[in-house]
Amino acid sequence: MQFPHAGRLALDDVSLAMPPGSVTVVVGASGSGKSTLLMCLAGLAQPTRGRVVHGTVDIYGLNDRQRAAWRLRTIGLVFQNSELVPELTLRDNIALPLELLGARRRDALKRADSLAEILDLKDASRRRPSEVSGGQAQRAAVGRALAHRPEVVLADEPTGALDTANRHAVIGLLDNLVRSESSTLVMVTHDEHTLPGHAQIVRLADGRIVEGAS
């Protein structure tokens, strides 16, 4: 797979296989192509060469509407700064993907409440993002990403804005939850001190894989 950016190849000859249920952690310095890789995997940035295949689906063979529907159904996204909807409570943020997929509100909130308890957010779930700590907001973002039981969870620097204690907590919860749901986790990070011990590590430098699967 190749992807150009600012006159150079942000990704060059990148080839990865991530089996169902696996955990892959992509590490590398700033500008190495980590986030670009995640964007390509999410169907948000089309490579100039190569394919991104999920199961039997070539996702860039879909039109924009089909790809958006595939992403909503199949992918759970966790961003560095949670990116929660500020007007919604944590509970409603977690339930949002299910409601977008047409679930009854009662069922969506039941799932949100279950995840809030697992994520130690029961007491904070009726508050808005501005009323909780950064760690609580990021745990809610993990819940939102997993609410609809996606086949793939993509996490872009999910602990970059957190302190050490919250980094370990969020990574542990994310890892445990995706494994309990049999999801595939692909996580981008520059922090190699909080990685799950069983993860496949892929190191990027200047857009190329220099260590790990290729």
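The values are calculated or read from the model by the stated rules, or taken from the named source; none is laboratory data. The structure presented is a predicted model; accordingly, all values stated were derived computationally and were not measured. Here the Cβ positions follow ideal geometry from the backbone for every residue, glycine too, while neighbour counts run over all protein chains shown.
Quick grid of which residues meet (1) modelled with pLDDT of 90 or more; (2) in contact with a Cys (Cβ under 7 Å, 6 or more places away or on another chain); (3) more than 17 Å from Y60 (Cβ to Cβ):
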residue	(1), (2), (3)
A10	no, no, no
D13	no, no, yes
V23	yes, no, yes
S30	no, no, yes
Response to the item:
The correct count of residues that are closer than 18 Å to G33 by Cα and surrounded by 13 or more Cβ atoms within 10 Å (Cβ to Cβ) in the range 47-76 is 3
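If you check T89 against the conditions, is it exposed (fewer than 13 other Cβ atoms within 10 Å of the Cβ), of a type in the set (S, T, Y), farther than 17 Å from D156 by Cα and modelled with pLDDT of 90 or more?
Values: exposed (fewer than 13 other Cβ atoms within 10 Å of the Cβ): no; of a type in the set (S, T, Y): yes; farther than 17 Å from D156 by Cα: yes; modelled with pLDDT of 90 or more: yes.
It is false that T89 is exposed (fewer than 13 other Cβ atoms within 10 Å of the Cβ), of a type in the set (S, T, Y), farther than 17 Å from D156 by Cα and modelled with pLDDT of 90 or more.
Given the criteria more than 22 Å from E157 (Cβ to Cβ) and either touching a residue at least 24 places away in the same chain (Cβ under 8 Å) or of a type in the set (G, A, S) (or both), does P19 qualify? So that I can check it myself, show each step before the final result.
Values: more than 22 Å from E157 (Cβ to Cβ): yes; either touching a residue at least 24 places away in the same chain (Cβ under 8 Å) or of a type in the set (G, A, S) (or both): yes.
Against the criterion (more than 22 Å from E157 (Cβ to Cβ) and either touching a residue at least 24 places away in the same chain (Cβ under 8 Å) or of a type in the set (G, A, S) (or both)), P19 qualifies.
Residue-by-condition table, conditions (1) under 21 Å from R91 (Cα atoms); (2) surrounded by fewer than 22 Cβ atoms within 10 Å (Cβ to Cβ); (3) of a type in the set (K, R); (4) touching a helix residue (DSSP H, G or I) at 6+ places or on another chain (Cβ under 6 Å):
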site: G143; (1), (2), (3), (4): yes, no, no, yes
site: A147; (1), (2), (3), (4): yes, no, no, yes
site: G160; (1), (2), (3), (4): no, yes, no, no
site: N166; (1), (2), (3), (4): yes, yes, no, yes
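Could we say that T164 is at pLDDT below 90 and in contact with a Lys or Arg (Cβ under 6 Å, 6 or more places away or on another chain) here?
On the way: at pLDDT below 90: yes; in contact with a Lys or Arg (Cβ under 6 Å, 6 or more places away or on another chain): no.
The answer is no for T164.
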Practice prompt. Kindly provide the set of residues from the range 5-21 that are within 18 Å of M187 (Cβ to Cβ) and surrounded by fewer than 16 Cβ atoms within 10 Å (Cβ to Cβ), ordered by number.
Written response: A17, P19, P20, G21
Discussion item. Suppose we keep only residues that are outside any helix (DSSP H, G or I) and of a type in the set (G, A, S) within the range 89-132. Which one would you say is nearest to N166 (Cα to Cα)?
Written reply: A124
Worksheet item: Do you know which residues across the range 63-88 are outside any loop (DSSP other than H, G, I, E, B) and among the polar types (S, T, N, Q)?
Response: Q66, T74
Worksheet entry | Residue match in the range 133-141 (condition: touching a residue at least 12 places away in the same chain (Cβ under 8 Å), farther than 15 Å from T89 by Cα and within 12 Å of the chain's Cα centre (by Cα)) | no
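Restricting attention to strands (runs of 3 or more DSSP E) lying wholly within the range 135-214, give those where 1 or more residues are farther than 16 Å from L77 by Cα and in contact with a Ser or Thr (Cβ under 9 Å, 6 or more places away or on another chain).
Values: elements: 152-156, 184-189, 200-205, 208-211.
It comes to 200-205, 208-211.
Sort out which residues of the range 70-127 are of a type in the set (A, V, I, L, M) and under 25 Å from I59 (Cβ atoms), and write them in order of number. Break it down into steps so the answer makes sense when it comes.
First pass over the range 70-127, keeping only residues of a type in the set (A, V, I, L, M): 72, 75, 77-78, 84-85, 88, 90, 94-96, 98, 100-101, 103, 108-109, 112, 115-116, 118-119, 121, 124.
Result: L72, I75, L77, V78, L96, L98, L100, L101, A103.
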